[in-house]
1. Could you check how much of the accessible area of the stretch 66-130 is carbon and sulfur, as a whole percent, using a 1.4 Å probe?
2. Please label the shape of the stretch 65-113 as rounded, prolate or oblate, based on the square roots a ≥ b ≥ c of the eigenvalues of the alpha-carbon gyration tensor (a/c under 1.5 means rounded; beyond that, a/b larger than b/c means prolate, else oblate).
3. Defining a contact as two alpha carbons under 8 Å apart and six or more residues distant in sequence, what relative contact order in percent does the stretch 92-169 show?
4. Pick out, in residue order, every one of the trypsin sites (Lys or Arg not before Pro) in the stretch 82-111 that is DSSP loop and has at most 12 other C-beta atoms within 10 Å; say none if there are none.
5. Of all chymotrypsin sites (Phe, Trp or Tyr not before Pro) in the stretch 69-168, which ones are in loop regions per DSSP and have a Cβ with at most 13 other Cβ atoms within 10 Å?
Amino acid sequence: MNTRRPPLGQRLAAWRWAAPATGAGLVLGTTVATWWAVGDLSTGVRFSFSSSLLEPLVTSAAARHALGAAALVTLALSVALRSALVRWRGYDPCWWSVLTPLLLAGLTGGWSWRVLTMTTSSINLLVGFVVYLVLPFVGTLVLGAALRAAVLLRRRHRAAAALAVTTGT
């Protein structure tokens, strides 16, 4: 009976999906968990001129808590799997330069959604702040992360091509 384990490279090839999946789980989980943790920002007083820019997607308290719990579970699983990938050396640390701005954009996006859906009499000032300052900041973070990902993918493609030329495969 053969009890030898396959080489690390073969074991990690089976987990190639884990790095993008954990990255997506971290970004989405951070956004929803921030939205859930911030909570409703509406003032308790309802004036005749109170309004919100957008209607909340989830109005039930039970659904909000279920989404928040699901986001926290997603975050925990993503962190655990990402930690295992780092330990197994199956994750290039350069990708943190892509993931970090996306996490910051997720934090900002979760808070911004709560601001845009709150009901208050002074909604114009807050919506202006979010639309004119926060959304361009989030867009810049996402664009910067996309450009960095393109650079890292191009670098990996060039390294694979150079390896194929030198090994003759």
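The values are calculated or read from the model by the stated rules, or taken from the named source; none is laboratory data. Since this is a predicted model, take the numbers as computed values, not measurements. Counting neighbours? That spans all protein chains shown, and the Cβs are built from the backbone with ideal geometry, glycine included. All accessible areas refer to the heavy atoms of the entire protein, side chains included, with ligands and DNA or RNA removed. Shrake-Rupley method; radii C 1.70, N 1.55, O 1.52, S 1.80 Å.
1. Carbon and sulfur atoms account for 74 percent of the accessible area of the stretch 66-130.
2. oblate
3. Computed over the stretch 92-169, the figure is 46 percent.
4. Arg89
5. In loop regions of the stretch 69-168 (DSSP not H, G, I, E or B), the sparsely surrounded chymotrypsin sites (Phe, Trp or Tyr not before Pro) are Trp88.
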